[in-house]
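Accompanying notes for the structure given below.
The values are calculated or read from the model by the stated rules, or taken from the named source; none is laboratory data. Since the model is a prediction, treat every value here as computed from it, not as a measurement. Here the Cβ positions follow ideal geometry from the backbone for every residue, glycine too, while neighbour counts run over all protein chains shown. Calculation scope for accessible area: heavy atoms of the full protein, side chains included, ligands and nucleic acids excluded. Shrake-Rupley method; radii C 1.70, N 1.55, O 1.52, S 1.80 Å.
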Amino acid sequence: MSLSVQFESKHQVLLVRLTGELDHHTSEDLKQQWQSEMKKSDIQHVVVNLEDLSFMDSSGLGVMLGRYKEVQELGGEMVVCSISPSVKRLFELSGLFKIVRLEEDEAEALKNLGVAS
């Protein structure tokens with residue numbers, strides 16, 4: 001299975017919805033698309049919806065960490081939501097939840113970033 005990505009901008013928030021598998025085959029393409037989307041508009045925060053992401057490996061974590069650092073440089077916050085149990089475990093083991101906030105769904109994430117959904 002491959003990776004499908006959907007980007008949507010809401011005010012200064014970039015919504016990133018991932019479907020499929022994020023691994024070493026798809027991570028570089030995702031990184032380039034994500035960076036391009038961040039440059040298109042005045043983005044400060046990122047919400048990553050992982051509801052339909054069935055698999056992620058360490059290269060996927062690398063993409064997440066890299067984009068987190070870019071958002072930090074903008075003075076923003078990166079929030080993850082709607083995460084599957086297997087991907088959530090990977091985030092927990094990697095320590096990513098120490099720096100990235102987890103919300104139940106997109107609406108909660110947007111609300112807590114001060115953006116109406």
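Based on the Cβ-Cβ distance of LYS40 and ALA107, what FRET efficiency does E = 1/(1 + (r/R0)^6) give at R0 = 30 Å, to the nearest 0.05?
With R0 = 30 Å, the Cβ-Cβ based efficiency is 0.80.
Could you check which residue among VAL80, VAL13, VAL100 shows the biggest mean-square fluctuation in a GNM of the chain with a 10 Å Cα cutoff?
VAL100
Given a 1.4 Å probe and heavy atoms of the protein chains only, how would you sort PHE55, PHE97, PHE91, largest accessible area at the top?
Final ranking, largest accessible area leading: PHE55, PHE97, PHE91.
If I fit a long axis through the Cα atoms of helix 85-94 and take the longest principal axis of the Cα atoms of the chain, what angle between them do I get, 0 to 90°, rounded to 10?
Result, in degrees: 80.
Ignoring everything except DSSP H segments at least 4 long, calculate the 222 nm mean residue ellipticity for the chain; use -39,500 (n - 2.57) per segment, divide by total residues, nearest 500.
It comes out at -12500 deg cm²/dmol, rounded to the nearest 500.
Which net charge results for the neighbourhood of ASN112, defined as the other residues with beta-carbon distances under 12 angstrom from its beta-carbon, given Lys and Arg at +1 and Asp and Glu at -1?
Net of charged neighbours comes to -4.
Show me the ranking of peptides 31-37, 60-66 by mean Cβ neighbours inside 10 Å, starting with the highest.
60-66, 31-37
Over what distance in Å are the Cα centres of region 1-65 and region 80-117 separated?
Comparing the Cα centres of region 1-65 and region 80-117, I get a distance of 13 Å.
If you build the convex hull over the alpha carbons only and average its shadow over all orientations, what do you get for the chain? Give it in nm² to one decimal.
The Cα convex hull of the chain, projected and averaged over all directions, gives 6.2 nm².
Label region 16-85 by shape, choosing from rounded, prolate and oblate, from the square roots a ≥ b ≥ c of the eigenvalues of the Cα gyration tensor; if a/c is under 1.5 it is rounded, and otherwise prolate applies when a/b is larger than b/c, oblate when it is not.
prolate
Just to confirm the number: angle between the C-alpha axis of helix 27-40 and the first principal axis of the chain, 0 to 90 degrees, nearest 10?
So the helix axis and the longest Cα principal axis differ by about 10 degrees.
If you stretched the chain out fully between SER54 and SER84, how much longer would it get, using 0.36 nm times the residue separation minus the C-alpha to C-alpha distance?
Gain on stretching SER54 to SER84: 10.1 nm.
If you fit an axis through the alpha-carbon atoms of helix 58-73 and take the longest principal axis of the Cα set of the chain, what angle between them do you get, 0 to 90°, nearest 10?
It is inclined by approximately 20 degrees.
By the scheme Lys and Arg +1, Asp and Glu -1, what is the net charge of all other residues having a beta-carbon under 12 Å from that of LEU74?
-1
So, counting K/R as plus one and D/E as minus one, what does the shell of residues with Cβ under 14 Å around GLY62 add up to?
Summing Lys/Arg as +1 and Asp/Glu as -1 gives -2.
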